[in-house]
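Asker: Structure incoming, see below.
The values are calculated or read from the model by the stated rules, or taken from the named source; none is laboratory data. Keep in mind the model is a prediction, meaning the values are calculated, not measured. Here the Cβ positions follow ideal geometry from the backbone for every residue, glycine too, while neighbour counts run over all protein chains shown.
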Amino acid sequence: MKQSDEDVQQATGPSAWSARVDRWVARADSDQKLFRQANKVMVERALDGRPRDGVSRNQAYGLRAVINVAAAHVPDVLRNGYRNCYDNKLVPIGSKPARVSRTRERIDGVIAQLVPGSSKEQLYFAAVELNGSGVRFYGDVCLVVRPSEFDEDAVVLDRNSYDLARPPLAPKDGKDVDELLRKAHTIAGTRADVPAMATLKIFDGSGDRGRLVTVGQVSQGMVEDEDYIEVPLARPGNRLSARHFERGRLSAADVALDARIADEAANGPTPDLVDLLWRERRRRAAKALREEGVPLSTVVSQGRLR
Amino acid sequence: MTRAWFIDALDARGGLAFASHRLPDLQEEIEDVEAPAVHLSAPSFAPEPLASRATGLSAARAGFQFGLFVEGVEVGFEELDDLINFVRRAYGASGGADGSNDPGRAPPPSPPPDGGTDGASYEGMRHEGEPPKGSGAVGAMLAMIDEASKRVGATAALMRQELGTSSMLLAHAEPIKLASDGSDGSGALEWAAVTLGCELVRRLPTSREDLPRWLDAMSSLCRAAWDLDLDGRILDHRDLVDAGRHVFDDRLTLLFDADVAEELGGPPSDEVAASVAACIMGCRFDFLDLESASLSHMPGSVWWGTWRYESWLRLTAPTGPERFSTLARWPLPSSTAARLNLDAATSTLADLLCAMTAAPMSSPGDTLDASLLLFAATHLVGEPQHSWFGQSSGDPRTAWRERQLRQAEDWLVRQFPKRIFDPAIEALIGEAKSLRYGPATRKER
């Protein structure tokens with residue numbers, strides 16, 4: 001949604017995101033105003049997992065922070081913890097570059113300033129999900145972080161923080177860190193603001209609806225292709241490992257491909273080695289998840305989990 | 001300066017990459033975030049266009065390596081297909097490190113260095129098995145790949161000289177067309193099976209607790225040899241004697257009844273040691289080609305005991321579609337692992353298959369290793385022998401075996417590279433064999 005001057009001026013503060021949604025509701029004509037208000041409540045209910053009386057949050061379902069990793073890494077992640085670029089100490093193929101990305105250093109530094117008491121080395125980037133299998137670009141296994149590890153006060157960004165390096169959010173002078181920090185504040189909130197962020201994200205540009213949104217539709221809107229709500233989780237000295245994950249999720253498309261490879265391995269034509277390797281690693285990931293007591297589910301559509 | 005396809009972020013073990021068409025800018029103050037970008041993902045590696053480089057550049061936060069560099073400069077690819085080929089092959093080669101990355105996947109462990117009979121050390125008793133006379137068409141294919149890489153290297157050097165830039169390293173690749181030459185590889189399969197069997201015999205554990213994992217590995221190898229109609233075709237293999245001597249006396253009772261072990265007595269002659277090793281691998285005495293007066297005078301209890309063990313081994317061998325998984329149960333001899341630059345303690349036939357097909361230039365095996373590769377491929381693509389072949393001989397059996405070999409070779413042709421890079425880039429693919437998630441054991445360059 002295009003940020004109005006009002007949005008930018010009122011970017012910070014505990015009610016900033018709620019106020020933005022209220023302004024979005026108020027901007028509609030009288031008929032649509034009722035639907036916008038009703039859909040705002042539907043999104044809140046879907047993400048908070050609140051019963052109809054809105055009294056308490058049901059932790060068994062509702063919004064979650066998720067990370068995606070390739071199946072090959074799952075056994076290691078579960079046993080030794082999920083790593084970021086600062087504690088991975090990965091020895092790459094080829095040689096290490098002379099320096100890390102300057103853009104990433106600037107953005108990570110700015111995000112760290114948004115997260116109280118944290119440094120960029122302690123940040124692990126997750127995405128907000130409802131029922132889907134996360135950001136597939138980063139791996140085929142989606143690990144769902146336990147709600148207890150995702151505080152109400154946790155900082156959340158309404159988009160990939162790297163969008164701060166792209167127009168129209170990027171400062172005219174890309175190296176202007178102060179301007180970058182100011183822009184970062186306009187996309188930042190807390191976990192409590194996620195329903196408001198999601199409402200604006202889902203209905204942005206979609207045109208007014210004359211019907212109520214469903215939970216499945218809310219879930220589909222949370223992660224759309226490359227567009228997601230980002231969570232820089234601060235984990236000082238306490239990497240995410242098996243005990244911090246509530247569940248693993250696989251996409252139905254990957255599960256179907258897995259099964260096709262297995263069928264061809266059994267009945268011919270013999271799949272290629274990369275197919276067999278990919279499938280074998282997924283089997284081992286599933287085995288490791290079971291051994292660590294982390295249940296595994298298949299997402300049959302973005303909106304629905306089995 | 002010329003634009004090319006560059007890698008923004010790479011997770012070679014995960015089979016994931018982000019690439020963009022641009023100038024080399026990962027070391028600049030500002031990257032061109034809006035340059036055309038694609039995402040690649042195993043197992044298809046089909047390029048998916050992205051809205052921008054943002055998704056890829058932020059991947060480096062999550063443990064992807066940042067770009068692809070050689071001596072401080074980015075590696076560029078003229079064609080996206082070549083970049084895709086590189087990422088795909090690096091993923092395949094990374095399979096060579098799976099044993100060391102996942103303890104649950106490791107094969108039965110090697111015996112301690114001071115184990116063995118007659119007071120001799122295990123390492124002191126080992127002899128390198130004599131290589132088979134040939135590895136069929138596989139050896140010829142590997143030689144062709146080696147020749148092609150030298151040619152490509154010379155061309156690449158000229159191209160870089162003409163390009164005259166030091167701000168990027170342009171990868172160069174040329175096509176290679178491999179095909180089976182139809183040479184006989186049947187002897188290679190026997191050598192491979194016996195080599196793997198002997199390594200497993202050496203790793204027979206000393207305690208009952210470790211026995212199930214070992215039995216899974218041995219019974220599956222026995223079954224694989226049976227499916228490939230290798231039963232009884234034991235050749236004069238020096239490793240058999242060594243393996244048999246290594247387990248004599250103190251471990252036989254793990255597998256055979258006490259009266260069998262007592263009847264065998266000790267220390268064994270070469271023939272008896274080899275026979276025991278062969279039996280542990282599931283080959284019945286009456287199928288052995290070894291000539292020995294001592295064998296024919298073996299007590300009946302020994303014949304009966306070994307027959308019962310062999311029958312049990314075959315009956316409990318796993319069946320089903322997980323043939324690639326079974327390759328990961330069979331450990332490699334340490335000499336093979338060393339030649340292929342794999343981890344000696346944990347590498348398996350699955351690792352060899354990944355390393356030699358995806359990174360053949362960095363896995364310079366010999367004839368024995370090529371035989372192991374052919375055995376792995378034949379196990380993956382072969383169909384179980386028709387039961388009526390039994391112990392018959394002649395044209396049907398020969399024809400069946402030839403078809404198995406041709407199918408395996410055709411499959412290998414599809415797995416080998418279709419475009420060879422210059423040696424500098426081929427070496428990068430080889431490095432994927434030792435990738436780890438988290439702190440690496442490989443020395444930083």
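Asker: Can you find a residue in the range A:246-268 that is farther than 20 Å from A:Leu78 by Cβ and away from every other protein chain (no Cβ under 14 Å)?
Answerer: yes
Asker: For the range B:46-63, which residues satisfy the criterion of being within 8 Å of chain A (Cβ to nearest Cβ) and either hydroxyl-bearing (Ser, Thr, Tyr) or in a loop (DSSP other than H, G, I, E, B) (or both)?
Answerer: Within the range B:46-63, B:Ala51, B:Ser52, B:Thr55, B:Ser58, B:Gly63 meet the criteria.
Asker: Same structure again: Which of the strands (runs of 3 or more DSSP E) contained wholly in the range A:50-159 include at least 3 residues that are closer than 20 Å to B:Gly14 by Cβ and away from every other protein chain (no Cβ under 12 Å)?
Answerer: The strands (runs of 3 or more DSSP E) meeting that bar are A:141-145.
Asker: A follow-up question, please. Between a first residue in the range B:321-339 that is within 14 Å of chain A (Cβ to nearest Cβ) and in a helix (DSSP H, G or I) and a second residue that is polar (S, T, N, Q) and crowded, with 19+ Cβ neighbours inside 10 Å, which pairs have beta carbons less than 6 Å apart while being 6 or more apart in sequence or on different chains?
Answerer: Pairs found: B:Thr326/B:Ser220.
Asker: Right, something else. Just to be sure before I move on: is B:Ser110 at pLDDT 75 or above, of a type in the set (S, T, N, Q) and outside any helix (DSSP H, G or I) in the structure I sent?
Answerer: yes
Asker: Could I ask something else about it? Within the range A:160-212, restricting attention to residues that are among the charged types (D, E, K, R) and within 13 Å of chain B (Cβ to nearest Cβ), which residue is surrounded by the fewest Cβ atoms within 10 Å (Cβ to Cβ)?
Answerer: Only one residue fits best here, namely A:Lys172.
Asker: Restricting to the range A:1-19, name every residue that is modelled with pLDDT of 90 or more and either hydroxyl-bearing (Ser, Thr, Tyr) or closer than 21 Å to A:Ser219 by Cα (or both).
Answerer: A:Trp17, A:Ser18
Asker: Against the condition more than 7 Å from every other protein chain (Cβ to nearest Cβ) and either of a type in the set (Lys, Arg) or surrounded by fewer than 19 Cβ atoms within 10 Å (Cβ to Cβ) (or both), how does B:Asp81 come out, does it pass?
Answerer: So B:Asp81 passes the test.
Asker: Filter the range A:238-270 down to the residues that are free of Cβ contacts under 8 Å to residues at least 12 places away in the same chain and either in contact with a strand residue (DSSP E or B) (Cβ under 6 Å, 6 or more places away or on another chain) or not in a helix (DSSP H, G or I) (or both) and list them by number.
Answerer: Once the filter is applied, which keeps residues that are free of Cβ contacts under 8 Å to residues at least 12 places away in the same chain and either in contact with a strand residue (DSSP E or B) (Cβ under 6 Å, 6 or more places away or on another chain) or not in a helix (DSSP H, G or I) (or both), the range A:238-270 yields A:Asn238, A:Gly268, A:Pro269, A:Thr270.
Asker: Could you list, in sequence order, all residues of the range B:64-73 that are buried (at least 24 other Cβ atoms within 10 Å of the Cβ) and more than 7 Å from chain A (Cβ to nearest Cβ)?
Answerer: B:Phe64
Asker: When you check B:Val75 against the structure, is it part of a strand (DSSP E or B), at pLDDT 95 or above and not hydroxyl-bearing (Ser, Thr, Tyr), yes or no?
Answerer: Yes: the conditions hold for B:Val75.
Asker: Among the residues of the range B:10-25, what is the count of those that are touching a helix residue (DSSP H, G or I) at 6+ places or on another chain (Cβ under 9 Å) and either within 18 Å of B:Gly72 (Cβ to Cβ) or of a type in the set (Asp, Glu) (or both)?
Answerer: 2
Asker: For the structure I just gave you, tell me whether A:Arg279 is within 9 Å of chain B (Cβ to nearest Cβ) and within 25 Å of A:Phe245 (Cα to Cα).
Answerer: yes
Asker: What are the residues in the range B:5-45 that are β-branched (Val, Ile, Thr) and facing chain A (nearest Cβ under 10 Å), if any?
Answerer: B:Ile7, B:Ile30, B:Val33
Asker: Name the residues in the range B:359-380 that are assigned to a helix (DSSP H, G or I) and polar (S, T, N, Q), would you?
Answerer: Passing the criteria: B:Ser362, B:Thr367, B:Ser371, B:Thr378.
Asker: Quick one: count up the residues across the range B:84-98 that are in contact with a Phe, Trp or Tyr (Cβ under 6 Å, 6 or more places away or on another chain) and within 7 Å of chain A (Cβ to nearest Cβ).
Answerer: Going through the range B:84-98 one residue at a time, the tally reaches 1.
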